[in-house]
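What follows is a set of notes on a single structure, which appears directly below.
The values are calculated or read from the model by the stated rules, or taken from the named source; none is laboratory data. This is a predicted model, so every value here is computed, not measured. Note that each Cβ is placed from the backbone with ideal geometry, even for glycine, and that neighbours are counted across all protein chains shown.
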Amino acid sequence: MTKVVADISVSLDGFVTGPGAGPEQGLGHGGEALHTWALAGDAVDREVLTSATDATGVVVMGRRLFDVVDGPDGWSDEMAYGADLAAVPPVLVVTRTPPARMRLAADRFTFVVDGIRSAVAKARAMAEDRDVVIMGGGETVRGAIDAGVVDELRLHLAPVLLGSGTPLFSGAVPRPLRQIHVQASGHATHLTYRVD
């Protein structure tokens, strides 16, 4: 059965990017530390990454993240969804305005202009009993949780304090979560919550 998973790396102080994030510097100043677990992780990190990537049927992301992914230093044949696993699931991008042109293969990306609920519904229909993964950015993950369309939240808690950047939960709708799994490595604590 298809499960909708919000999956994102976050600093100890609650940021999903460092300050100054944008297409030229996707994770902002110091934000690279958020993804150390995915790029230079140990056996625990590799298993977490591989398992999640293999289970993914469709990816949902916001427009700001798409602009980073499609930017000159974004995804490539060697580095894409799933870090160096470079998986190629279909991607739905939540946006008000699709881009006029793109660097990446256009047949892999679909632009959804009628909101996160619509994007998740479309992704569920496409996923064929695999996971729908909402990978970010922070506003898209928070919006999906607030909209009540997320079944599971996976946080990869990186041992870094960024001080500022893009907050994950600032202004979020209060709701209970049920912790269902914890795995620790030398680079992150991988936390899984059921969203009630």
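Here Val44 does not fit the description of being within 19 Å of Ala6 (Cα to Cα) and of a type outside the set (Lys, Arg).
Put simply, of Val149, Val133, Val120, Val173 the only residue that is in a loop (DSSP other than H, G, I, E, B), touching a helix residue (DSSP H, G or I) at 6+ places or on another chain (Cβ under 9 Å), of a type outside the set (Phe, Trp, Tyr) and modelled with pLDDT of 95 or more is Val149.
For the range 34-75, the set of residues classified as under 16 Å from Thr140 (Cβ atoms) and assigned to a loop (DSSP other than H, G, I, E, B) consists of Asp70 only.
Considering the range 60-92, the residues that are touching a Phe, Trp or Tyr at 6+ places or on another chain (Cβ under 6 Å) and buried (at least 20 other Cβ atoms within 10 Å of the Cβ) include one that is farthest from Pro23 (Cα to Cα), namely Val91.
Cβ separations smaller than 6 Å between residues 6+ apart or across chains give the following pairs from the range 82-98 residues that are touching a residue at least 12 places away in the same chain (Cβ under 8 Å) and within 24 Å of Leu49 (Cβ to Cβ) to residues that are of a type in the set (A, V, I, L, M, F, W, C) and surrounded by fewer than 17 Cβ atoms within 10 Å (Cβ to Cβ): Ala83/Leu39. Among the residues making up the range 40-56, those that are under 13 Å from His156 (Cα atoms) and not charged (D, E, K, R) are Gly41, Val44, Val48, Leu49, Ala52. Would you mind stating whether Arg178 is farther than 26 Å from Trp75 by Cα and within 19 Å of the chain's Cα centre (by Cα)? Against the criterion (farther than 26 Å from Trp75 by Cα and within 19 Å of the chain's Cα centre (by Cα)), Arg178 does not qualify. Does the range 63-74 contain any residue that is in contact with a strand residue (DSSP E or B) (Cβ under 9 Å, 6 or more places away or on another chain) and over 25 Å from Pro90 (Cβ atoms)? For the range 63-74, residues in contact with a strand residue (DSSP E or B) (Cβ under 9 Å, 6 or more places away or on another chain) and over 25 Å from Pro90 (Cβ atoms): absent. Quick check, is Arg154 assigned to a strand (DSSP E or B), basic (Lys, Arg) and either in contact with a Gly (Cβ under 8 Å, 6 or more places away or on another chain) or in contact (Cβ under 8 Å) with a residue 40 or more places away in the chain (or both)? Taking the combined requirement at face value, the residue satisfies it.
If a residue has to be exposed (fewer than 13 other Cβ atoms within 10 Å of the Cβ) and either under 11 Å from Val16 (Cα atoms) or out of contact with any strand residue (DSSP E or B) (no Cβ under 9 Å at 6 or more places or on another chain) (or both) to count, how many in the range 164-177 make the cut?
Residues that pass the stated criteria total 4.
Considering only the range 80-107, state which residues are of a type in the set (D, E, K, R) and assigned to a loop (DSSP other than H, G, I, E, B). The answer is Asp84, Arg96, Arg101, Arg103. Inside the range 9-33, residues that are of a type outside the set (Gly, Ala, Ser) and buried (at least 21 other Cβ atoms within 10 Å of the Cβ) make up a count of 5.
Just one residue in the set Thr140, Thr110 is crowded, with 16+ Cβ neighbours inside 10 Å, part of a helix (DSSP H, G or I) and polar (S, T, N, Q); that residue is Thr140.
Summed over the range 178-192, residues that are out of contact with any strand residue (DSSP E or B) (no Cβ under 9 Å at 6 or more places or on another chain) and surrounded by fewer than 14 Cβ atoms within 10 Å (Cβ to Cβ) total 1.
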